[in-house]
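Heads up, the thing below is written out as structure tokens.
The values are calculated or read from the model by the stated rules, or taken from the named source; none is laboratory data. For clarity, every value in this text was computed on a predicted model and none was experimentally measured. Cβ coordinates were reconstructed from backbone atoms using ideal geometry, including for glycine residues, and neighbour counts include every protein chain displayed.
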Amino acid sequence: MKTTYEDIFNLISACEDFNGPLSESEAVKMIADELQISKVSYRIFSAGVNTHSEVIYIAPSSKLGEEYDFSRETTDTKTVVIRIYRFPYAPELNDEQKDLFNVFAHTILSSIGAKNLSKAYDDIFYFDQLTGMPNKTLFFKRLHGLIASNTQDKFAVVYVNIKNCKIMNKLFGYETTDKMLRDFAHDINDVLDRKNDEMIARLGGDNFVLIVLKDHLDDVLKFISSVKVSTENNEDVIEYIINVHAGVVLMTAATEDPGMVMSAANVTVSLARRSTAKDIIFYNENTDNILNNERSFVEELKRDLKEGKFIVYYQPIYNKDGSDEIAGAEALVRWRKDGHIVTPSSFIEVAEQNNLISDIDLYVLDTVCSNLKKWQEEGLHLVPISFNFSHYDLITSDITEEIIKTLDKYDIDHSLINIEFTEAGFHEEYEALVYAASKLKSNGISVTIDNYGQGYSSIKLLQELEVDSIKFSYDFLSSENPRADVILEGLITIANRLGLNVVAQGVQSEDEVTKLVDFGCSLFQTELFEKAISERFFVSKLRSKAQ
């Protein structure tokens with residue numbers, strides 16, 4: 001049967017529309033029969049690597065004879081190669097059939113190239129390039145689809161933020177952390193019911209969003225709260241538990257705006273990040289009000305910090321070895337707000353949760369270093385000053401560099417500075433703490449563990465951390481139980497044998513001081529001897545000491 005232009009048009013249409021085997025197309029089958037073609041396959045190469053292979057046409061009797069290859073470069077730098085087999089012993093093609101054969105081959109080649117470009121476009125437009133998971137665009141497309149089909153009330157949206165991703169980058173490097181993020185995403189993807197419209201999408205950075213059936217929600221939340229990933233780093237196998245903050249929005253039949261759903265999820269995960277009690281929070285009508293109030297408070301913090309409304313008080317540390325001299329002091333921040341002096345308990349937690357704590361800590365350090373330089377020029381007898389840095393500071397790029405830079409800016413002797421980290425706060429940033437302590441020590445800056453004994457693995461800390469001192473709160477460690485004194489004396493003895501200074505806080509009576517001195521502790525920072533005092537009163541004490 002002679003092929004007509006209409007047949008060729010039908011061939012082109014069939015190839016443009018194909019999404020599977022061309023064997024099912026009558027237009028393709030008719031021309032393939034005329035040319036005695038038994039099989040057609042294609043391969044896609046990227047940078048010389050075969051990335052995809054597929055058979056797209058096969059005749060009922062698929063015996064293979066002579067093969068013909070055709071190739072074409074695509075605009076996305078890939079190469080498409082199709083291979084056409086004719087039947088064994090098929091007669092040689094005449095000139096008219098050769099033209100038809102070329103039309104057949106190049107029509108298929110062009111359609112595959114176009115399909116490849118379309119897929120490449122979809123991959124870029126709808127999928128995250130790092131994890132291979134859907135991106136924000138595809139997430140919103142899915143959400144629109146659920147709302148259009150009136151099935152949204154069966155689903156919840158979960159905004160997920162990975163904890164401590166900056167620390168992961170610092171400890172393992174970006175390449176290893178990227179692999180951990182991929183594994184995290186794929187592990188969650190594996191537990192989702194994708195056939196019933198559940199999905200995970202990456203929003204960017206350490207943020208993901210899930211669409212989950214309400215009936216499946218409890219199981220998914222339990223899974224995502226602690227995901228173990230394994231990877232190799234410097235030939236070592238690393239097992240790391242990824243923990244998350246999550247904000248959950250339960251959609252209803254009245255849910256109509258995907259943007260509002262996403263905004264509610266974003267607000268809720270922000271609250272989860274600020275909460276010390278819960279890592280997963282469900283959206284409710286009060287959520288917006290809570291966050292708006294906090295945002296106003298944060299803006300006030302930022303403004304007053306910029307305007308220098310934060311001041312530094314000093315609480316002396318006394319040596320009770322018989323001299324009763326000031327052995328040092330801790331710099332303590334205060335906020336001058338609306339005519340009152342506000343203590344850190346009212347704002348530190350909010351500052352930590354809104355990434356302002358490093359600015360405040362470095363502001364205090366800068367203020368004190370400026371004072372030290374001035375006092376030194378006045379000939380005052382200087383004592384070491386301690387600064388309590390938040391464990392959140394360890395998440396910043398390199399807080400130790402900022403500390404060293406500030407000291408050198410004012411030409412301050414590094415031995416006059418002591419950096420404290422609170423033990424109970426840094427269990428999740430332990431490796432970062434080890435790194436920071438080592439770097440500070442190597443630059444001649446003393447390091448102290450504050451509130452020692454209130455965290456966990458305390459003995460391990462003394463083994464592994466390069467520190468100069470420990471501070472403990474006596475009211476926390478003391479007890480009516482007589483074993484408490486044995487433990488406390490043992491702790492002080494161990495610290496002394498390790499060459500560490502021991503500072504007691506929270507002591508409330510002279511009898512307690514006497515007992516601790518007998519145990520081997522001679523340094524005290526307590527309101528029993530002196531409350532935190534303003535710069536003016538602290539300077540007067542330094543002057544009296546210089547005389």
Scope segment 302-345; condition loosely packed, with under 12 Cβ neighbours inside 10 Å, small (G, A, S) and closer than 26 Å to L528 by Cβ; matching residues: G322, S323, S345
Test: residue in segment 367-379 that is of a type outside the set (F, W, Y) and in contact with a Cys (Cβ under 9 Å, 6 or more places away or on another chain): no
Go through segment 250-274 and count every residue that is within 17 Å of E294 (Cα to Cα) and not in a helix (DSSP H, G or I). 0
Show me the strands (runs of 3 or more DSSP E) found entirely inside segment 275-360 where at least 2 residues are at pLDDT 95 or above, touching a helix residue (DSSP H, G or I) at 6+ places or on another chain (Cβ under 7 Å) and closer than 30 Å to S522 by Cα. 310-319, 326-337
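Here is a yes/no grid of residues against (1) surrounded by fewer than 18 Cβ atoms within 10 Å (Cβ to Cβ); (2) in contact (Cβ under 8 Å) with a residue 24 or more places away in the chain; (3) among the β-branched types (V, I, T):
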residue: A201; (1), (2), (3): no, yes, no
residue: G204; (1), (2), (3): yes, yes, no
residue: L210; (1), (2), (3): no, yes, no
residue: K214; (1), (2), (3): yes, yes, no
residue: V220; (1), (2), (3): no, yes, yes
residue: I224; (1), (2), (3): no, yes, yes
residue: K228; (1), (2), (3): yes, no, no
residue: D236; (1), (2), (3): yes, no, no
residue: E239; (1), (2), (3): yes, no, no
Quickly run through segment 147-184 and pick out the residues that are in contact with a strand residue (DSSP E or B) (Cβ under 6 Å, 6 or more places away or on another chain) and either hydrophobic (A, V, I, L, M, F, W, C) or not assigned by TED's automatic domain parsing to the domain that holds E239 (or both). F155, A156, V157, V158, V160, I162, F172, M180, F184
Filter pass, F297 being farther than 26 Å from V539 by Cβ, of a type in the set (F, W, Y) and in contact (Cβ under 8 Å) with a residue 12 or more places away in the chain: yes
Output the residues belonging to segment 492-526 that are in a loop (DSSP other than H, G, I, E, B) and either in contact (Cβ under 8 Å) with a residue 24 or more places away in the chain or polar (S, T, N, Q) (or both). L498, L500, G506, V507, Q508, S509, G520, C521, S522, T526
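Which of the following residues is under 20 Å from S442 (Cβ atoms), within 30 Å of the chain's Cα centre (by Cα) and surrounded by fewer than 18 Cβ atoms within 10 Å (Cβ to Cβ): D398, D393?
D398
Results for (1) surrounded by fewer than 17 Cβ atoms within 10 Å (Cβ to Cβ); (2) at pLDDT 90 or above, shown as yes or no for each residue.
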position: A504; (1), (2): no, yes
position: Q508; (1), (2): yes, no
position: V513; (1), (2): no, yes
position: D518; (1), (2): yes, yes
position: E527; (1), (2): yes, yes
position: K531; (1), (2): yes, yes
position: S540; (1), (2): yes, yes
